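Trainee: Can you read through this structure? Questions will come right after.
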Amino acid sequence: MFSSQERDDYFDRTVTMIQSVAAVEGIVQLGSGVTGYKDAYSDIDLMVCIAKEIETHTAKEQIYQALLTYRPQYIKEKKFGEAIFLLIVLLENGLEFNISIAPRDLLPVRSPLWKVVADKTGNVLKKMTNENEKFENNAVKYDTYSDIGFEFFYCAIGLEKELRRNNLIYSLKLLGTLQDYVLHIQAMNEQKKCHQFKAYETLNTDFTDRYLAAFPAELTIEAITLSLQQIVILFLEVMEDSAIYELTDRLRNLLLQRI
């Protein structure tokens with residue numbers, strides 16, 4: 001495990017190293033590190049801005065090679081579109097970097113947790129400020145489901161079907177999907193649904209107690225059926241508090257029949 005000082009040292013070294021790549025115009029820090037890392041397990045999230053889209057691939061290769069000097073356990077490269085990359089870097093001491101690389105025109109703001117830490121031209125801050133204004137003025141700032149009421153109901157009847165088949169593995173998988181819907185709505189209700197939100201321990205304690213109580217006590221059809229009923233009740237309650245989602249009377253009545 002790494003110390004806070006080690007993480008800070010790696011952060012400074014990495015920013016300096018990435019800035020040295022000619023095509024890099026700037027670097028934006030993302031996530032909890034912007035306001036103070038959540039805990040000793042928090043990783044380092046960076047977004048690297050490339051001035052010209054045509055240079056993105058070359059810059060990514062140079063950053064990749066530079067990161068190899070850390071002798072990481074593994075580097076996973078992901079590609080999103082023609083000019084957007086993500087490098088997930090896992091070091092031997094457990095520290096993780098998530099470094100996205102994109103041309104300036106495609107820089108997004110998906111959370112209020114961002115800070116420009118390097119800017120060779122001043123254009124990176126200007127772009128991020130403009131994107132942040134769009135983010136703040138968006139009435140619904142985060143991804144939402146088009147019809148979460150139906151999706152929940154459809155998943156619930158699928159779970160009932162799998163229980164009748166005595167298919168416990170798939171039943172548990174579907175129960176997990178129902179639980180994810182409930183978590184999503186509650187986080188939105190508490191206005192905590194930031195991009196890649198994972199701080200579920202910050203949600204209302206009464207909700208989290210009831211949510212955790214809805215897990216099956218044992219792996220039996222009866223226990224999973226009880227969990228289904230409890231998660232349906234919780235879903236109906238969080239939907240009542242939602243300012244974003246609505247549940248039709250028809251779907252509400254169909255779900256009530258399952259309690």
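The values are calculated or read from the model by the stated rules, or taken from the named source; none is laboratory data. Because the structure is predicted, anything quoted here is derived from the model rather than measured. For neighbour counting, all protein chains shown are included, and Cβ atoms are generated from backbone atoms with ideal geometry for every residue, glycine included. For accessibility, only protein heavy atoms count, side chains too; no ligands or nucleic acids. Shrake-Rupley method; radii C 1.70, N 1.55, O 1.52, S 1.80 Å.
Trainee: I'd like the Kirkwood hydrodynamic radius of the chain, using the inverse of the mean 1/r over distinct C-alpha pairs, in Å. Can you show the working numbers first?
Mentor: Values: mean 1/r = 0.0476 Å⁻¹.
The answer is 21.0 Å.
Trainee: Can you tell me which of L234, L30, L68 moves the most in a GNM of the chain? Springs connect C-alpha atoms under 10 Å apart.
Mentor: Maximum among the listed residues: L68.
Trainee: Right, another one. How big is the accessible area of S20 in square angstrom, nearest 10, if you roll a 1.4 angstrom probe over the protein chains?
Mentor: Around 90 Å² of this residue is reachable by solvent.
Trainee: Counting DSSP beta bridges in the chain, what percent are antiparallel, to the nearest 5?
Mentor: Of the beta bridges lying entirely in the chain, close to 75 percent run antiparallel.
Trainee: Also, I was wondering about something else. Could you list the trypsin sites (Lys or Arg not before Pro) in the range 134-243 that lie in coil according to DSSP, counting only those with at most 11 other Cβ atoms within 10 Å of their Cβ?
Mentor: On the way: sites: K134, K141, K161, R164, R165, K173, K192, K193, K198, R210; in loops: K141, R165, K192, K193, K198.
The qualifying sites are R165, K198.
Trainee: Given a 1.4 Å probe and every protein chain left where it sits, what share in percent of the accessible area of the chain is carbon and sulfur?
Mentor: 50
Trainee: Let me ask something else. When a/c is below 1.5 the answer is rounded, else prolate if a/b is larger than b/c, else oblate, so apply that to the range 205-251 with a ≥ b ≥ c taken from the square roots of the Cα gyration tensor eigenvalues.
Mentor: Verdict is oblate for the range 205-251.
Trainee: Oh, and also: If you place +1 on the Cβ of every Lys and Arg and -1 on the Cβ of every Asp and Glu, how big does the dipole about the Cα centre of the range 41-114 come out, in debye to the nearest 20?
Mentor: Roughly 40 debye for the range 41-114.
Trainee: Out of every Cα-Cα pair in the range 29-104, what percent are more than 19 Å apart?
Mentor: Percentage above 19 Å: 37.
Trainee: Looking at the range 43-122, which trypsin sites (Lys or Arg not before Pro) are in a loop (DSSP not H, G, I, E or B) and have at most 15 other Cβ atoms within 10 Å?
Mentor: Those satisfying the criteria are K52, R110, K120.
Trainee: Quick one: dipole size for the range 33-176, taken about the Cα centre, charges +1 on Lys/Arg Cβ and -1 on Asp/Glu Cβ, in debye to the nearest 20.
Mentor: On the way: 19 positive and 20 negative charges, 21 e Å.
So the magnitude is around 100 debye.
Trainee: Only sites in a loop by DSSP and with at most 13 other Cβ atoms within 10 Å count here; which GluC sites (Glu not before Pro) in the range 60-128 make the cut?
Mentor: Taking the range 60-128 and a limit of 13 other Cβ atoms within 10 Å, the loop GluC sites (Glu not before Pro) found are E82, E92.
Trainee: Quick check for me: using +1 on Lys/Arg Cβ and -1 on Asp/Glu Cβ, what's the dipole size of the range 117-203 about its Cα centre, in debye to the nearest 20?
Mentor: 220
Trainee: For q values of 0.11, 0.13, 0.15, 0.20 Å⁻¹, compute log₁₀ I(q)/I(0) with the Debye formula on a Cα-only model of the range 11-148, without solvent.
Mentor: Calculated log10 I(q)/I(0) at the listed q: -0.41, -0.57, -0.75, -1.26.
Trainee: Two-decimal Rg/Rh of the range 84-168 from alpha-carbon positions, Kirkwood Rh?
Mentor: Radius of gyration relative to Kirkwood radius: 1.20.
Trainee: Roll a 1.4 Å probe over the protein chains and send me the accessible area per residue for the chain in Å².
Mentor: Averaged over the residues of the chain, the accessible area is 55 Å².
Trainee: Springs between alpha-carbon atoms under 10 Å, Gaussian network over the chain: tell me which of I50, I233, I18 tops the mean-square fluctuations.
Mentor: Ranking I50, I233, I18 by mean-square fluctuation puts I233 first.
Trainee: OK, next. In whole percent, what relative contact order does the range 181-259 give with Cα contacts below 8 Å and a gap of six or more residues?
Mentor: Over the range 181-259, the number comes to 33 percent.
Trainee: Hey, another quick one. Rounded to the nearest 500 deg cm²/dmol, what is the calculated helix-only ellipticity per residue at 222 nm for the chain, with -39500 (n - 2.57) per DSSP H run of length n ≥ 4? Mind showing how you got there, number by number?
Mentor: Working: 8 runs with 119 residues, N = 259.
When only DSSP H runs of four or more count, the value is -15000 deg cm²/dmol.
Trainee: Would you calculate the convex hull of the Cα atoms in the range 108-222 and tell me its volume per residue in Å³?
Mentor: Values: hull volume 15.7 nm³, N = 115.
Convex hull of Cα atoms, per residue: 136 Å³.
Trainee: Indicate the gyration tensor shape class of the range 181-222 (rounded, prolate or oblate), computed on the Cα atoms with a ≥ b ≥ c the square roots of the eigenvalues: a/c under 1.5 is rounded; otherwise a/b larger than b/c is prolate and the rest oblate.
Mentor: prolate
Trainee: Here is a further query. What number does the range 143-191 give for Rg over Rh if you use C-alpha atoms and the Kirkwood radius?
Mentor: Expressed as Rg/Rh, it is 1.06.
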